[in-house]
Every structure is written in C-alpha cells, then in structure tokens.
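Report on the following structure.
The values are calculated or read from the model by the stated rules, or taken from the named source; none is laboratory data. These numbers come from a predicted model, not from an experiment. We place every Cβ from the backbone using ideal geometry, glycine too, and count neighbours over all the protein chains shown. Just so you know, the surface numbers come from the protein's heavy atoms only, side chains and all, with ligands and any DNA or RNA stripped out. Shrake-Rupley method; radii C 1.70, N 1.55, O 1.52, S 1.80 Å.
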Amino acid sequence: MKRPEFWLIEEGYFAQGYQLICGVDEAGVGPLAGPVYAAAVILPRGWDAPYLNDSKKVTEKRREVLYEQITQEAVDWAISWANEEEIDQINILNARMLAMDRAIHKLTMEPDLALIDGHWNRGIHGPNQPIVGGDGRSASIAAASILAKVSRDRFMRSMAVQYPQYAFEQHKGYPTKLHYARLREYGPCPIHRQSFLKKL
C-alpha cells in the first residue's frame, strides 16, 4: 500500500535545489484537555512505508508501528508541544503554530525548507511553505502527523493514570459524550483547557 505520489511535493522542491526538507504537522487542536503536539521530520529521499498516511486515516496499531519505523529511519526528527496554559493564553491557532515552530527548531539538522500542514504559517521562523492537506499529500508531513499523534496519545494515556476519573485513555481529551459527562461530574482538572470550557 505504498504511495509514490507522496513524494511529488518534496521532489518539486528538491528540483529547485533544496536538500534538507522537513515535514511538520500537529495533533490535538480539538481536544478539551492536554497540550497540542507537533512533530518535524526529515525523511531519507524517497522513503516510504506501508500504510504511511495522514494519521487520522491510520489505525492506532499501525500508527505505533509507523512511529517506530520513522524514528529509527528518519534523517532527523523532533517532537514538541504547547501546553494547556499556553493554549489558554495565546489561543489554539497560535499555540498550534508555536508547537510546530518549536519542533522545527528542536531538529539537530537545520532544514532548508519546512513543509507546514495547512494554509497558515504565521509564527514559523525560517524558510517554509504551507501545504493544504499536506498530511495526505506529502510523505514528510504524513510522517510528522504520525509522530505528533502517537506522542500526544501516549501523553494522554499517562494522564489517564494520573486522573482516572476522566477516562482519558478512551477519548484522549476530545469532546465526547463520555468526556462531557465526566466534566459535569468532576469538574475540570489541571490539564483541561479553560478557554475551551467556557460554554460548558
């Protein structure tokens, strides 16, 4: 199930003389709790793996396998985040961009170009190009989406141990019926995004 078309975007920039291209994506914009995570990934040119795709279109089990493949075989990769306090202070859009910028600058190698998932690049420092729908069109961005999603899910599972009353392991902080029910019963905990709860 490899998708060679995933390299068309990168190949276009390689042809322009760029050499180190990283893909950047985030996970966790919509949840009521926890940080927004981001990852930046520089893949070997032409790298591919079965089931590599936008993390939302990959099963949890396959995401875990891909996470191990990507972290072992990438030229460079980094993961960062913006926490719930930062989200409340600067809003989720700005926090999303902050997390992505942090991930880029945590890379050991400085990329020539960062491909940013989406149409927005405000707050990204250094050469970059927004790619609308990039997590389904670019291998590098798809790989970043996998790392960001798996990292955030692992964090929320750890929070489920610390705050078992919210069952974070079942909904990862997303606004499900179960999550709303637990919020009504117990109120928010320290990792809830207060700015997301104003209408509750």
Along Cα→Cβ, 7 Å out, is where each label goes; now give me the distance between the ones at T108 and H125 in nm to one decimal. 2.2 nm
Testing the spin-label approximation: label points 7 Å from Cα along Cα→Cβ at T176 and R157. State their distance in nm. 1.5 nm
At a 1.4 Å probe radius, carbon and sulfur cover how many percent of the accessible area of the chain? 53 percent
In degrees rounded to 10, the 0-90 angle between helix 92-106 Cα long axis and the longest Cα principal axis of the chain is 50 degrees
Could you size up the charge dipole of the chain around its Cα centre, putting +1 on the beta carbon of Lys and Arg and -1 on that of Asp and Glu, and report it in debye to the nearest 20? 840 debye
Among P111, P127, P31: highest mean-square fluctuation, GNM of the chain, C-alpha pairs under 10 Å: P127
Please give the per residue accessible area of the chain, computed with a probe of 1.4 Å over protein heavy atoms only, in Å². 47 Å²
Using alpha-carbon coordinates, inclination of helix 60-73 to the longest axis of the chain, degrees: 40 degrees
